[in-house]
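These notes are about the structure you will find just below.
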Amino acid sequence: MADPVAMETEPKVSAPDPYEAMPWLSLFDPGQPPSIMPQFQDVLAMFRAAVARAPERDAIRYFDGRISWRELDTLTDALAVDLVERGFQRGDRLGLYLQNVPQFVIGAVAAWKAGGIAVAINPMNRAREITQLFNDCTPKAVICHGSAYERVLAPLREAAGVHMPPLVYTTTAADFQTRNVPALFSGVHPRRFPETIDLKEALEGSRGRKPAATPHYRASDIAFLVYTSGTTGEPKGAMCTHGNMAFNGEALRRWIKLEDGMSILGIAPLFHITGLICHVVASFSNASPLILAYRFEPGVMLDIIEEHKPDFAIGAITAYIAMMNHPAATPAKFASLTRVFSGGAPIPPSVVEEFHRRFGHWIQPGYGMTETNAPTHIAPLERRPPVDANTGALSVGIPFFNTRAWICDDEGNPLPVGEIGEIVVEGPMIVSGYWQKPEETAQTIRQGRLFTGDIGFMDKDGWFYVVDRKKDMIIASGYKVWPRDVEDVLYTHPAVREAAVVPALDPYRGETVKAVISLKPGQSATPEEIIEFCKSRMAAYKYPRIVEIIDDLPKTVTGKILRRELRAKAASAAQ
């Protein structure tokens, strides 16, 4: 197994007294501790406990398909046997180049049973991204959809300078179900390739067999490599350890009070840290059924919720916006949900209020990142997070179990309550580093403390707020403008569906504020109307001077709006 990246010795960063006092403890229910002792130090042990606890319960529901915990154990044993017999060894990497299908979970557990490390790969990645990733982590094997192999991987076999995994398993999203919903499965057909291993045949060929060796893991051993989005450079593989993942999966279950038998809606992509921890690992922690739906389509997801009646959902706010604006959205569609959370991007308060008004559910915010194995902050289940009166930002919650968090200035000095600076977090969920990148690790993780690059503040009651990313700040005529401030106002306009604010070059102001928006179905507005709407609601230096209306804003597969694409477009238009 790869050793954790060694950290450079640096002066110890101390949290200021207000944080040592932990004012957020008053927000907990009486008697609820701020820390927990996790039951498991590795996710494979957590999985095995789920199998023993509820062997006949559904582990995965995939449209009309069902896989019990016992059957999932059998399938993962079979794949682990096949991997080992084909030369997969302890510490080898298995890439999961898949959508939200059962094969993702099967592959992850099989990798651990074979002594290896799983690698989450964005299924939207194309040749350039795949080449970077394969050359970085040199996987021994990869599981992918047949269509992805045909379109992306097969051509790379002949390309120079590409590490191609010697073992390529191909599969189809149509397996493990028979419904084949047209909105998702049109054009999805089994594909066979003589140079690849058919996953279904491999599972059937080794069915009933168990790996000869039973691997045991330390908390510090790497379970997953999860690649960051690469918005500031080449993607980096965050080394998520067994201890990181087991802790956060169990902590989330306890925090949201996920009771025995409650089911989880897999709305976030499984390759993303939210889906990986808050869907997959949380299901292991509670032996919960995990409901998967191949890929997000708002109408299909509404039907899935109505049919399978999940209790818990967490996903990008853009996914909730898409479902909320779908013509089939009714309170009955969301009736089963008792725990509705969102993470991955700041949440406009107006969206939370509209969702509650229409469907009766509050969307509870959370905050985390790949390097923290999902949440470090999250709103307690029964409490409504506040909106800051000065910035209009909705709080992202309070520090998670066993977590310390504070705000620092550009020199790393802690700042007092209410002041804006960089969010720093410390806790058992922080990754050990980036795969084979000690310099990048040392820049971001210092003595176990993660410097997030997110700008925010903490109020006197212990609630944290995210203002924006450092790199997204706009300086107009010397004034600092945080895009979030403007976007939150834009979301209050009745016609605005989605909004993103970026800088545009201006010969007089240096930079000026540009808003790119899409409109709700059946609504209309002009750029001039939007500008006047904002002008009457914010300081003169903040309101957008340019408004562009487009059909859909560009997004990552996880639902985050791609500001960087909009920034690049605005910059090229000014040249």
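One line per residue, one yes/no per condition, for (1) aromatic (Phe, Trp, Tyr); (2) within 24 Å of the chain's Cα centre (by Cα); (3) closer than 28 Å to residue 225 by Cα:
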| site | (1), (2), (3) |
| --- | --- |
| 376 | no, yes, yes |
| 382 | no, yes, no |
| 395 | no, yes, no |
| 413 | no, no, no |
| 418 | no, no, no |
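Restricting to the stretch 199-225, count the residues that are under 27 Å from the mean Cα position of the chain (by Cα) and charged (D, E, K, R).
Initially, the stretch 199-225 is screened for residues under 27 Å from the mean Cα position of the chain (by Cα), giving 199, 217-225.
If we keep only those that are charged (D, E, K, R) too, we end up with 218, 221.
Counting residues in the stretch 199-225 that are under 27 Å from the mean Cα position of the chain (by Cα) and charged (D, E, K, R) gives 2.
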Quiz item: Looking only at the stretch 539-557, which residues are outside any strand (DSSP E or B) and either under 29 Å from residue 122 (Cα atoms) or in the same structural domain as residue 391 (by TED's automatic domain parsing) (or both)?
Solution: 550, 551, 552, 553, 554, 556, 557
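Are any of the residues in the stretch 222-236 touching a Phe, Trp or Tyr at 6+ places or on another chain (Cβ under 6 Å), buried (at least 24 other Cβ atoms within 10 Å of the Cβ), touching a residue at least 24 places away in the same chain (Cβ under 8 Å) and not small (Gly, Ala, Ser)?
Step one: of the stretch 222-236, the residues touching a Phe, Trp or Tyr at 6+ places or on another chain (Cβ under 6 Å) are 225, 235-236.
Checking the rest, the ones that are also buried (at least 24 other Cβ atoms within 10 Å of the Cβ) come to 225, 236.
This time we only want the ones that are touching a residue at least 24 places away in the same chain (Cβ under 8 Å), so: 225, 236.
From what is left, the residues that are not small (Gly, Ala, Ser) are 225, 236.
Yes, there is a match, as at least one residue in the stretch 222-236 is touching a Phe, Trp or Tyr at 6+ places or on another chain (Cβ under 6 Å), buried (at least 24 other Cβ atoms within 10 Å of the Cβ), touching a residue at least 24 places away in the same chain (Cβ under 8 Å) and not small (Gly, Ala, Ser).
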Practice problem: Would you confirm whether any residue within the stretch 56-70 is in a helix (DSSP H, G or I), among the hydrophobic types (A, V, I, L, M, F, W, C), in contact with a helix residue (DSSP H, G or I) (Cβ under 9 Å, 6 or more places away or on another chain) and touching a residue at least 24 places away in the same chain (Cβ under 8 Å)? | Solution: yes
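Give the residue that is modelled with the highest pLDDT, with candidates limited to residues of the stretch 539-564 that are β-branched (Val, Ile, Thr) and within 16 Å of residue 228 (Cα to Cα).
Just the residues of the stretch 539-564 that are β-branched (Val, Ile, Thr), to begin with: 546-547, 549-550, 556-558, 561.
The next check asks that each one be within 16 Å of residue 228 (Cα to Cα); those that pass are 556-558, 561.
Working: 556: 71, 557: 63, 558: 63, 561: 81.
Within the stretch 539-564, the match that is modelled with the highest pLDDT is 561.
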Quiz item: Does residue 47 satisfy the criteria of being on the phi > 0 side of the Ramachandran plot and either touching a Phe, Trp or Tyr at 6+ places or on another chain (Cβ under 7 Å) or in the same structural domain as residue 227 (by TED's automatic domain parsing) (or both)?
Solution: no
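I need the full set of residues from the stretch 34-52 which are within 22 Å of residue 378 (Cβ to Cβ) and touching a residue at least 24 places away in the same chain (Cβ under 8 Å), in order please.
At the first step, the residues of the stretch 34-52 found to be within 22 Å of residue 378 (Cβ to Cβ) are 34-40, 43, 46.
Passing the criteria: 34, 35, 36, 38, 39, 40, 43, 46.
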Exercise. Sort through 417, 431, 466 and tell me the only one that's in contact with a Pro (Cβ under 8 Å, 6 or more places away or on another chain), in contact (Cβ under 8 Å) with a residue 12 or more places away in the chain, surrounded by 21 or more Cβ atoms within 10 Å (Cβ to Cβ) and within 27 Å of residue 36 (Cα to Cα).
Key: 466
Quiz item: Out of all the residues in the stretch 528-551, is one or more out of contact with any helix residue (DSSP H, G or I) (no Cβ under 6 Å at 6 or more places or on another chain), surrounded by fewer than 14 Cβ atoms within 10 Å (Cβ to Cβ), of a type in the set (Gly, Ala, Ser) and farther than 18 Å from residue 484 by Cα?
Solution: no
Quiz item: Which residue pairs have Cβ atoms under 6 Å apart, sit 6 or more places apart or on different chains, and have a first residue in the stretch 281-309 that is in the same structural domain as residue 320 (by TED's automatic domain parsing) and charged (D, E, K, R) and a second that is outside any helix (DSSP H, G or I) and modelled with pLDDT of 95 or more?
Solution: 295/99; 309/336
Quiz item: Which one of 401, 359 is surrounded by 22 or more Cβ atoms within 10 Å (Cβ to Cβ) and in the same structural domain as residue 337 (by TED's automatic domain parsing)?
Solution: 401
Quiz item: In this structure, is residue 157 modelled with pLDDT under 95, over 27 Å from the mean Cα position of the chain (by Cα) and either in the same structural domain as residue 45 (by TED's automatic domain parsing) or farther than 30 Å from residue 453 by Cβ (or both)?
Solution: yes
Practice problem: Report the residue count in the stretch 312-333 for those that are in contact with a strand residue (DSSP E or B) (Cβ under 9 Å, 6 or more places away or on another chain) and surrounded by fewer than 19 Cβ atoms within 10 Å (Cβ to Cβ). | Solution: 1
Practice problem: Scan the stretch 297-325 for residues that are modelled with pLDDT under 95 and farther than 17 Å from residue 358 by Cα and jot them down. | Solution: 315, 316
Quiz item: Taking the stretch 408-436 as the region of interest, how many residues are modelled with pLDDT under 90 and polar (S, T, N, Q)?
Solution: 1
Quiz item: Out of all the residues in the stretch 552-569, which are among the hydrophobic types (A, V, I, L, M, F, W, C) and buried (at least 19 other Cβ atoms within 10 Å of the Cβ)?
Solution: 561, 566
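The values are calculated or read from the model by the stated rules, or taken from the named source; none is laboratory data. Here the structure is a predicted model, which means the values were calculated and not measured. Cβ atoms come from the backbone with ideal geometry, glycine included; neighbour counts cover every protein chain shown.
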